[in-house]
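Worksheet: one structure, shown below.
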Amino acid sequence: MRVKVARRYQITIPEEVRVEVGINIGDAVDVRSQDGKVVVEKLGKSWESVMEETRGVWKGHPIFKDMKDSIEIVNWLRQKSKKR
């Protein structure tokens, strides 16, 4: 799809492409050159940010309340299933 470079070297990502790739306002993208081409790639959430979102979510749970995040819960569940 052809777009034009505007002042300050900005481009607009066409709606069709944004929808297909799932790019929304505020999303992070990586811009790099690759084999003489400009590549714009949507970045997913980092593992750290996903885990940060789970901190404190389990406070009210009777078993998981003392665990800090989902990683700790998953590890605990895995250990429990190994013992069976």
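Every number in this text was worked out from the coordinates using simple rules, so none of it is lab data. Every value quoted in this text rests on a predicted model; they were computed, and no experiment measured them. Every residue, glycine as well, gets a Cβ built from its backbone with ideal geometry; the counts of neighbours run over all protein chains shown.
Please find the FRET efficiency linking residue 10 to residue 63, where r is the Cβ-Cβ separation and R0 is fixed at 35 Å, and quote it to the nearest 0.05.
Using R0 = 35 Å, I get an efficiency of 0.10.
Given that just one value was derived from the coordinates, which of (i) 0.96; (ii) 0.91; (iii) 1.24 is Rg/Rh (Cα atoms, Kirkwood Rh)?
So the calculated entry is the one marked (iii).
Under the 0.36 nm per residue contour assumption, what length would be gained going from the current alpha-carbon distance of residue 40 and residue 24 to full extension?
Full extension of this stretch gives 4.4 nm more.
Nearest 10 degrees is fine. How inclined is helix 70-83 to the longest principal axis of the chain, computing both from alpha carbons?
So the helix axis and the longest Cα principal axis differ by about 50 degrees.
Compute the length gained on full extension between residue 84 and residue 51: take 0.36 nm times their separation in residues and subtract their Cα-Cα distance, giving the result in nm to one decimal.
Contour length minus the Cα-Cα distance gives 9.1 nm.
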